[in-house]
Amino acid sequence: MTPSRMEILTWLSDEKPADVAALRARADDVRQAEVGDEIHLRGLVELSNHCIRKCGYCGIRAGNPNITRYRMSAAEVMACATRARELGLGTVVLQSGEDPGLDAEQVAHLIRSIKAMDLAVSLSLGERSDDELRLWRAAGADRYLLRFETSNEELYARVHPDHPGRSRDRLEQLRRMRRLGYEIGTGMLVGLPGQTREDLVDDIMVLGDLDPDMIGIGPFLPHPDTPLGQEMPGDSPTGQVPNTSGITCNVVALARLVCPQANIPSTTALATLDPVQGRESALSCGANVIMPNLTPARYRSLYEIYPGKATPAGECGEEVVALQKRLIEIGRPASVGRGDSPAWLARSRSHEEGGTR
Ligand code: 5AD
């Protein structure tokens, strides 16, 4: 049963180990019943770190003079897609800063080429125009990821300045993407300076309303080259949410309860915050997706949205093979298919049968 606002707030405020364990066990049961034991692996390709936005939390924000900017060539992206195919991954995620230098036609060409390899394509390219979204969907893109970051409008406006002349309503953009036929993914940061538990409750209610196909939830990790990088959040009487792995996992568990059929990744930010247990903790309280990074080592370290994100500069392939082995050990083997969300599949079927989406 979907939890009420009061129940959600109680769970987020209650730190008694037995209650936390009960919440996570319930989320794990719902995950198993609704989406099964398999983990879907998505190969992440960070194709450009150029960005025109000035998000207060993000290390690749416009105007950060301390990073070297890059944009991968089509051949480099296709080499990553080939690697994804060889490793048995079903999806490639093309992610970048909000980069108008990524030409819409060139992106459409990449999408068509990757789809021709029988891989699903997810896009995570920021707030883009309806024409671009339509073009990319027609080229075969399956999914689009755009986190709303926080549902507290005042906090959002503070950390995410508008781009002149553009609407800032990411929820509206997500609804438009759904109408275009994308599987939609969204999510939020946990522990932004100024964020309260009430805000997190609102975020979870928004997830319940929107019912996204994918939900990414990660802790805020301060980056020293950003305005928010200096403010270390801590738990406080004013209700500031701490950016801990514990509360992040509880939010993941609650997301699973309100959106039982969504695909929910165990995020890289959580694995960065808690390198020993982060990844598997989220898998045991609702998550069912991992996004291994396939970006070539020479670019990976430059896509520093938060510090420490860059994984060891080893062969991407070796890391994925080790992960696939580990997943078998913990009884959560990697899936072989595309890993579409069951809710999206049901919506598509009803659409084909003449129903409404
Ligand atoms: N800490 C954690 N997550 C971050 N992101 C961006 N900057 C940070 C940070 N400093 C997340 C945002 C964005 C996603 C791609 O990365 O939620 O949507």
> Using modelled backbone amide H atoms (1.01 Å from N, in-plane), which distant-in-sequence or interchain residues come within less than 5 Å of ARG42's amide H?
Replying inline: ILE290, MET291
> For the chain, with only Lys/Arg (+1) and Asp/Glu (-1) charged at the beta-carbon, what is the dipole magnitude about the Cα centre, in debye rounded to 20?
Replying inline: 680
> How much accessible area does TYR306 have with a 1.4 Å probe, in Å² rounded to the nearest 10?
Replying inline: 30
> For the stretch 190-293, what class follows from the C-alpha gyration tensor (a ≥ b ≥ c being the square roots of its eigenvalues): rounded when a/c is under 1.5, otherwise prolate if a/b is larger than b/c, else oblate?
Replying inline: oblate
> What FRET efficiency, computed as 1/(1 + (r/R0)^6) with R0 = 41 Å and r the Cβ-Cβ distance, is obtained for SER129 and GLU319, rounded to the nearest 0.05?
Replying inline: 0.70
> ARG298 to THR68: extension gain in nm, 0.36 nm per residue of separation minus the Cα-Cα distance?
Replying inline: 81.7 nm
> Under the Karplus relation 6.51 cos²θ - 1.76 cosθ + 1.60, θ = phi - 60°, what is the ordered set of whole-Hz ³J(HN,Hα) values for the stretch 203-210, x standing for Gly and Pro?
Replying inline: 4, 5, 5, 4, 4, x, 5, 6
> Cα centroids of the stretch 250-273 and the stretch 136-197: how far apart, whole angstrom?
Replying inline: 17
> Can you give the calculated 222 nm mean residue ellipticity of the chain, where each DSSP H run of n ≥ 4 adds -39,500 (n - 2.57) and the sum is split over every residue, rounded to the nearest 500 deg cm²/dmol?
Replying inline: -12500 deg cm²/dmol
>> How would the chain be classified by its alpha-carbon gyration tensor: rounded, prolate or oblate, with rounded meaning a/c under 1.5 and the a/b versus b/c comparison settling the rest?
In response: rounded
> Non-local amide H neighbours of THR186 (under 5 Å, H modeled in plane, Pro and chain starts lacking H): which ones?
Replying inline: LEU146, MET214, ILE215, GLY216
> What list of ³J(HN,Hα) values in whole Hz, one per residue of the stretch 111-124 in order, does the Karplus curve 6.51 cos²θ - 1.76 cosθ + 1.60 (θ = phi - 60°) give from phi, with Gly and Pro shown as x?
Replying inline: 4, 4, 5, 6, 4, 5, 8, 6, 10, 7, 10, 10, 10, 9
> Among the lysines, which have Cα under 29 Å from the Cα of LYS54 when same-chain residues fewer than 8 positions away are ignored?
Replying inline: LYS309
> How large is ³J(HN,Hα) for each residue in the stretch 41-57, as worked out from phi by the Karplus curve 6.51 cos²θ - 1.76 cosθ + 1.60 (θ = phi - 60°), to whole Hz, x for Gly and Pro?
Replying inline: 9, 10, x, 8, 10, 8, 7, 7, 10, 6, 8, 9, 9, 10, 4, x, 9
> Excluding ligands and nucleic acids, what accessible area in Å² is computed for ARG176 using a 1.4 Å probe, to the nearest 10?
Replying inline: 70
>> Keeping every protein chain present and rolling a 1.4 Å probe, give me the accessible area per residue for the stretch 67-124 in Å².
In response: 39
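The values are calculated or read from the model by the stated rules, or taken from the named source; none is laboratory data. The model shown is predicted, which means the values in this text are computed figures rather than measured ones. Note: ideal-geometry Cβ built from the backbone for every residue, glycine included; neighbour counts use all protein chains shown. Remember, those area values only see protein heavy atoms, side chains included, never the ligands or the DNA or RNA. Shrake-Rupley method; radii C 1.70, N 1.55, O 1.52, S 1.80 Å.
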